[in-house]
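Colleague: Handing you this structure, nothing more for now.
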Amino acid sequence: MAWVLCGAAAGGAARADGHAGADWAVHFNLPDQTTSATSLWTNEYAIRDALLARIEALDSGDWACLSTFTFSGNSASAGAAGPILAAVSNALARGAKLGFVVDNGVDVTSNYWPGVSLGSLAARPGNALELSRAPADSGIMHDKIGVFWSPAEQKAWVLAGSWNFTGGASSQQWNIFTEIQNNALGGAYSNELRELLAGRFHSNTNKSHAHDRTPFHLADMAPGVDGWVRFAPYPDGKYGGTNALTDIVNAIDSAQEEVFFALNKLTRPNVVEALVRACNRGVVVHGVIPKSDRSSPGQDSYEMYQLLLHSTNYATRNRARMYEAYYNAARTRADNNNRDLVHAKYMLIDPRGANPLVIQGSANWTASALVLTSSNDENVQFLPHRGIAEAFLAQFAAMTDGLEPWCALRAAGASAWVDYWLPETNAHELVFTDDLGLPPSAWTNRAQLLPAGRGTNAVPVALDAPRRFFRLRPAP
């Protein structure tokens, strides 16, 4: 017995503000590459505006802390640093308490807003900004975070993800942020940022790890299922030890149906080996890495990308499907080696399955961000949440061709008509069996599987797992 489920997944430019629940929201920008205030895409600055809205809502007695790896852009409409400085200055004037943590490379003296800099806000009389700058050493403060606490409401909000506080991160890159109202999560992030405000950065052996792997539960999570958050550097730098890489590999090894990932950098062979294992047991893997990081030898992700592409690394016909990102939300062309075009850092495990999981945060998928005990300051969220997974799928669809109409096929121990779209090729491979349970004439969409001029190309082969997803493409 076998059956087919076909349908169109969400694609195109999705509005980020449509992805929200009672205690969460997901914001992703739609870059237009113009670096101007005029944009056809209303969500080009969606992440910046969500952060600004939280700062502007701060009142006397409220507390917030922000952190960013880079900081620039003085335009009120198209920048980031300028509007953020103005909003922070106004919040301090209202009596809110604010901290700000930056990497060593951030210029704290620059007036991105007329007469206002991070340094001047830290020196203002009365209610001053608490400013902390990472030391110049071998590590980096790579977090991109906003934490907000309202004593009156007894509520904490956390905004975190891949977006640095710059104009270019909105108009020239693909980025994504979660916004979560949860006091346990807010407490964990507050503790992390207070460590950094106290000057205990990555290389400081006195930095506390007590809040690492804090569990939390959102309203839409399944009963008894919690999310958690990891903070780098980690208490254990061994492969297989207590660190984010171990959590990620374990998550991939639990995948049953699909994996999606969008990564600015992927250098860990443990991740690639887990993805290959997933493909070998029938999971369909969809991924995107920017050309600027994987197109030639010597680039950070080149070696891992090649391992994902080579068919000899797989035990079955199922291989990772790798995509090119679109240059802009209008999809006028694809990635043309644009630097850091894909700046997102996430993976989705079974987002349309029974147990969806989102992994996302500031961390590139490197040893310094996922494993080491004295390197980067980073954060990685693990979110077992269907609505958040759907929002990240919408971002993947806006950025790539990865969510075209798809088919799920289930068969009892044999094979069936399926369509493999091989990565980096234009080749369809059709597989036929009598075990479909229906005569071929009853397969109403069979013509979609037969590209013009390619013939049937039919060979018998067993399915590698009881369930698979396959994408259909129009005939060329």
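The values are calculated or read from the model by the stated rules, or taken from the named source; none is laboratory data. The structure displayed is predicted, hence computed values, not measured ones. For neighbour counting, all protein chains shown are included, and Cβ atoms are generated from backbone atoms with ideal geometry for every residue, glycine included. These accessible areas exclude ligands, DNA and RNA; they are computed on the full protein's heavy atoms, side chains included. Shrake-Rupley method; radii C 1.70, N 1.55, O 1.52, S 1.80 Å.
Colleague: Using the basic label-point model (7 angstrom from Cα toward the beta carbon), what is the Ser75 to Val225 distance in nanometres?
Modeller: For the pair Ser75/Val225, the computed spacing is 4.2 nm.
Colleague: Could you tell me the largest-minus-smallest coordinate of the C-alpha atoms of the stretch 94-175 on each of the three principal axes, in descending order and whole angstroms?
Modeller: 37, 29, 28
Colleague: Report the gain in length on full extension from Lys155 to Asp137: 0.36 nm times residue separation, minus Cα-Cα distance, nm rounded to one decimal.
Modeller: Length difference between fully extended and current span is 2.9 nm.
Colleague: Below 23 Å, Cα to Cα, which lysines can Lys238 reach? Residues fewer than 8 away in the same chain don't count.
Modeller: Filter leaves Lys207, Lys265, Lys345.
Colleague: Follow-up question, since we're still on this one. Where the centre of each part is set by its Cα atoms, how far does the stretch 243-262 sit from the stretch 363-402, in angstrom?
Modeller: With the stretch 243-262 and the stretch 363-402 each reduced to a Cα centre, they are spaced 11 Å.
Colleague: Roughly to the nearest percent, how much of the accessible area of the stretch 36-137 is carbon and sulfur, given a 1.4 Å probe?
Modeller: 52 percent
Colleague: Cross-link partners among lysines for Lys155, C-alpha distance below 23 Å, same-chain residues fewer than 8 apart left out?
Modeller: Filter leaves Lys97, Lys144.
Colleague: Could I ask something else about it? Ignoring any ligand, DNA or RNA, what whole percent of the accessible area of the stretch 299-350 comes from carbon and sulfur when the probe is 1.4 angstrom?
Modeller: Exposed carbon and sulfur together represent 39 percent of the surface.
Colleague: Once Lys and Arg get +1 and Asp and Glu get -1 on their Cβ, which of Met141, Ala76, Val106 lies farthest toward the positive end of the dipole of the stretch 60-184?
Modeller: Ala76
Colleague: Treating only the Cα positions of the stretch 310-369 as identical point scatterers, give the base-10 log of I(q)/I(0) from the Debye formula at each q in 0.12, 0.17, 0.18, 0.24 Å⁻¹.
Modeller: Result of the Debye calculation: -0.50, -0.96, -1.04, -1.09.
Colleague: Quick query: amide H of Lys265 versus all other amide H atoms, modeled in the peptide plane; which residues come in under 5 Å with a sequence gap of 5 or more or a different chain?
Modeller: Result for Lys265 returns Trp365.
Colleague: Moving on to the next point. Regarding the stretch 234-348, what is the average projected area of its C-alpha convex hull, in nm²?
Modeller: 7.8 nm²
Colleague: Report, by chain and number, residues whose modeled amide H sits under 5 Å from the one on Asn29, excluding near sequence neighbours (fewer than 5 apart, same chain).
Modeller: Those qualifying (amide H under 5 Å, at least 5 residues apart or on another chain) are Ile47, Asn175.
Colleague: Can you list the residues, at least 5 places off or on another chain, whose amide H is less than 5 Å from the amide H of Lys155, using H built in the peptide plane?
Modeller: Amide H neighbours of Lys155, under 5 Å, 5+ apart: Ser150.
Colleague: For the stretch 46-155, divide the Cα radius of gyration by the Kirkwood radius and give the resulting Rg/Rh value with two decimals.
Modeller: 0.95
Colleague: For Ser60 and Ala122 in the same chain, what is the full-extension length gain: residue separation times 0.36 nm, less their Cα-Cα distance, in nm?
Modeller: Separation in residues times 0.36 nm, less the Cα-Cα distance, equals 20.6 nm.
Colleague: If you count, for each residue, the other Cβ atoms within 10 Å and average over each peptide, how do 189-199, 323-333, 256-266 line up from highest to lowest?
Modeller: For the peptides 189-199, 323-333, 256-266, the packing ranking is 256-266, 189-199, 323-333.
Colleague: Further, regarding this structure: Divide the volume of the convex hull of the Cα atoms of the stretch 288-398 by its number of residues and quote the answer in cubic angstrom per residue.
Modeller: 145 Å³
Colleague: How high is the FRET efficiency from Ala184 to Ser296, r the C-beta distance, R0 30 Å, rounded to 0.05?
Modeller: Between Ala184 and Ser296 the formula returns 0.10.
Colleague: State the volume of the convex hull built on the alpha-carbon positions of the stretch 151-290, expressed per residue in Å³ and rounded to an integer.
Modeller: For the stretch 151-290, the hull spanned by Cα atoms encloses 168 Å³ per residue.
Colleague: What is the extension gain from Ser208 to Asn250, computed as 0.36 nm multiplied by their sequence separation minus the C-alpha to C-alpha distance, in nm to one decimal?
Modeller: Going from the current span to full extension adds 12.6 nm.
Colleague: While we're on this one: Determine the order of His217, His286 by accessible area, beginning with the largest, at a probe radius of 1.4 Å.
Modeller: Descending order: His217, His286.
Colleague: Also: In the stretch 77-151, what trypsin sites (Lys or Arg not before Pro) fall in a loop by DSSP, with at most 14 other Cβ atoms inside 10 Å?
Modeller: Arg94
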